[in-house]
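Scroll down for the structure; my scribbles are underneath it.
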Amino acid sequence: MSMSDVVDKVLRLRDALETVEGINNKLNELPKLFIVILTVTVATLGVYDTLWFMLGTVYASLSFLWMLVILGLILFSLYYMAHRLDKASEVKGPYQDWGDKLKEGALGVLAVLEGLDWDYVEYRVNRARSLYPILLIIDEAVWAALFYFIVGFAYAFLNYLLFNITSGPLYVFTLASLVVLVVALTLAVTWSELVNTFKTLWSLDSLLWEVRWLYHEYRKLQT
Amino acid sequence: MSTGSFKPNLYVLARIIKTLMDNGVMRRTNLAQASGLSYDKLQRYLNWMSERGLITMDGDGYVRLTEEGAKAYDELVQWIIRYVGSLRLSRY
């Protein structure tokens, strides 16, 4: 193995650690996102209740507009979450100067290893590995909510126009079919992401062991 | 002066040795400049290295790398190739 292969390995380590930083930043962003979305939702529903209280039955004729408002709320939440999470994952962390350092070859590799905060790296990798499934669950839940809204709306519309099923075994069956359809659509859309998530989790697990092992060996070299 | 509690930074150590390998015998002031270290810091490293036989220093301020010093650098490079090179990392 030549030094350029080693440099390539260190650059891959950098990419892995930047992925870890991205995951951690996304996780940090989640509480802020929930607060913003919750605030907007509560404020919108507050306006709805106030208008309902003030205008009463007159306002009831505008209920169709409220469907648009609720749709807007869902779309806003989705867009806002996707936008903020993308932004959060773009922050690369403290590894951006590795490329320049590694131009020095063996000296650069030593500079990188000496400059690495091993405890911080282990903590971040461990955190990303443990909490990464939360991102997947949120992603699945958001898609399921969107599909439930669309499919439910289409079903209610068709039911109102054509079938008029309001009770009985057929009603239960159609509702169960609705849920199955929503789950199937969600899985169809997110399948590749689901597979990637499990691959990433597997990679993070092995990365943690590799970092621990290298740190152990490096400590031995230092002494 | 004893350097018993001094823990050298391996990168700085390797940089000093590499500078000496590239330039041969050097004055301490020139070595400090070439390796980008303050004179005091370089002196601490040189004392540590001298105690371990990696360099020799004469009374005129000249520093010479010993065979042990060159061997230490090679061992560092071999360690990097052996351990860092065997990291198993997925593509991200």
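Cross-link pairs exceeding 19 Å between alpha carbons, from the set B:K7/B:K41; A:K101/B:K18; A:K32/A:K87; A:K220/B:K18; A:K103/B:K71; B:K18/B:K71: A:K220/B:K18; A:K103/B:K71. Helix A:63-90 and the longest principal axis of the C-alpha atoms of chain A enclose an angle of approximately 0°.
To the nearest 0.05, what FRET efficiency results for A:W52 and A:L73 with a Förster distance of 22 Å applied to their C-beta separation? Write down the numbers at each step before the final one.
Numbers: r = 16 Å, r/R0 = 0.75.
The calculated FRET efficiency here is 0.85.
Going from the residue with the fewest nearby Cβ atoms within 10 Å to the one with the most, B:K18, A:K87 rank A:K87, B:K18. Computed FRET efficiency, Cβ-Cβ of A:I138 and A:E114, R0 35 Å: what is it to the nearest 0.05? E between A:I138 and A:E114, to the nearest 0.05, is 0.40. Between B:N47 and A:T174, the modelled label-to-label distance comes to 8.9 nm, taking each label 7 Å out from Cα in the direction of the beta carbon. Calculated FRET efficiency, B:E75 and A:V195, Cβ-Cβ r, R0 41 Å, to nearest 0.05? That gives a FRET efficiency of 0.40.
Taking every Cα-Cα distance in the range A:1-115 and sorting them into 10 Å bins from zero, the calculated P(r) comes out as 12, 26, 18, 15, 12, 9, 6, 2 percent. Extending 7 Å from the Cα toward the beta-carbon at both A:V91 and A:A156 defines two label points whose distance is 3.9 nm. Pairwise inverse Cα distances across the range B:1-71, averaged and inverted, put the Kirkwood hydrodynamic radius at 11.9 Å. Which angle between 0 and 90 degrees, to the nearest 10, do you get for helix A:3-55 versus the longest principal axis of chain A when only C-alpha atoms count? The helix A:3-55 is inclined about 20 degrees to chain A.
Within the range A:201-219, which residues have the backbone N less than 15 Å from the label spot 7 Å out from A:L11 along Cα→beta-carbon, could you tell me? What the label zone holds, given the 15 Å backbone N cut-off, is no residue at all.
Helix A:169-222 axis versus longest C-alpha principal axis of chain A: approximately 10°, rounded to the nearest ten. The fraction of Cα-Cα pairs per 10 angstrom bin, counted from 0 for the protein assembly as shown, comes to 5, 19, 20, 16, 12, 10, 8, 6, 4, 1, 0 percent, rounded to whole percents. Put simply, the C-alpha atoms of the range A:67-195 give a gyration tensor, and the ellipsoid matching it has half-axes of 49, 16, 11 Å, longest first.
The label point for A:A184 and the one for A:A43, both projected 7 Å from the Cα toward the Cβ, are 4.0 nm apart.
Readers should treat all values here as calculations from the given coordinates under stated rules, not as data from a laboratory. Computed from a predicted model, the values in this text were never measured in an experiment. With ideal geometry, Cβ positions are generated from the backbone for all residues, glycine too; neighbour counts draw on all protein chains shown.
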